[in-house]
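Okay, structure first, notes after.
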Amino acid sequence: MSSDEPRRGLSVDLKPHAYDPLGQPEFFESVVSRRVIAFIVDFIILAIPVVFLAMFIFVAGVITLGLGFFLYLLLWPAAVIWALVYYGTTLGGPHSATVGMRVMDLEMRLWYGAPMYGLLGAVHPVVFWISVSVLTPLVLLAPFFNHRRRCLHDFLCGTVVVNNEDRAEALRPRRPPPAPSPV
């Protein structure tokens, strides 16, 4: 193929990993434990509106003499839609982190360092729940066997969870000031 002919086919630019666990360990320090706490915070944030909706449906069922209980059929789809919207907007937002992750000074990035986008933010928890359902919680052991502390669903989605820049800066070892040069 000569250089004058147009290129056909798929062009793939392979990008290097943005975060080096050996050269920049501050981005990965205590990520796994902080991620568990962030998950609990996010679970509570997701559960509160669902519990209130369930209580509302119960009251509506009592008032309508049982007819309102059929609204419970909509509770599961509403909870799933709420979770997808929550993760899609928070992970795809400017901070690339859910509320729980922001509380714990974490952020999710694409493996090459780019911020998350909404669709991948919504797909990531779906892949998490499918992988945990199919492969049991043993998939959560993956972070203990790789340097970037990525779970199985992070590998599948091409993401990495790191400490945000402020936390990484606080964890970065301070270098002593240079010694004065002899005159």
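The values are calculated or read from the model by the stated rules, or taken from the named source; none is laboratory data. Since this is a predicted model, take the numbers as computed values, not measurements. Positions of Cβ are generated from backbone atoms using ideal geometry, with glycine treated the same way; all protein chains shown enter the neighbour counts.
Out of 73, 53, report the one residue that is crowded, with 16+ Cβ neighbours inside 10 Å and over 23 Å from residue 154 (Cα atoms). Break it down into steps so the answer makes sense when it comes.
Values: 73 fails: crowded, with 16+ Cβ neighbours inside 10 Å.
After applying the criteria, what remains is 53.
For (1) modelled with pLDDT of 95 or more; (2) in contact with a His (Cβ under 6 Å, 6 or more places away or on another chain); (3) within 23 Å of residue 45 (Cα to Cα); (4) not aliphatic (A, V, I, L, M), each residue gets a yes or a no:
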position: 122; (1), (2), (3), (4): yes, no, yes, no
position: 132; (1), (2), (3), (4): no, no, yes, no
position: 146; (1), (2), (3), (4): no, no, no, yes
position: 153; (1), (2), (3), (4): no, no, yes, yes
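Among the listed residues 93, 113, 121, 100, identify the single one that is under 13 Å from residue 159 (Cβ atoms) and within 12 Å of the chain's Cα centre (by Cα).
On the way: 93 fails: under 13 Å from residue 159 (Cβ atoms); 113 fails: within 12 Å of the chain's Cα centre (by Cα); 100 fails: under 13 Å from residue 159 (Cβ atoms).
So the residue among 93, 113, 121, 100 that is under 13 Å from residue 159 (Cβ atoms) and within 12 Å of the chain's Cα centre (by Cα) is 121.
Going by the conditions given, is residue 107 of a type in the set (Asp, Glu) and either over 21 Å from residue 34 (Cβ atoms) or crowded, with 18+ Cβ neighbours inside 10 Å (or both)?
Considered against the rule, which asks whether it is of a type in the set (Asp, Glu) and either over 21 Å from residue 34 (Cβ atoms) or crowded, with 18+ Cβ neighbours inside 10 Å (or both), residue 107 comes out as yes.
So which pairs qualify, if the first residue must be in the stretch 123-143 and under 23 Å from residue 86 (Cβ atoms) and of a type in the set (Ser, Thr, Tyr), the second must be outside any helix (DSSP H, G or I) and modelled with pLDDT of 90 or more, the Cβ gap must be under 9 Å, and the two must be at least 6 apart or on different chains?
Pairs that qualify, where the first residue is under 23 Å from residue 86 (Cβ atoms) and of a type in the set (Ser, Thr, Tyr) and the partner is outside any helix (DSSP H, G or I) and modelled with pLDDT of 90 or more, are 131/151.
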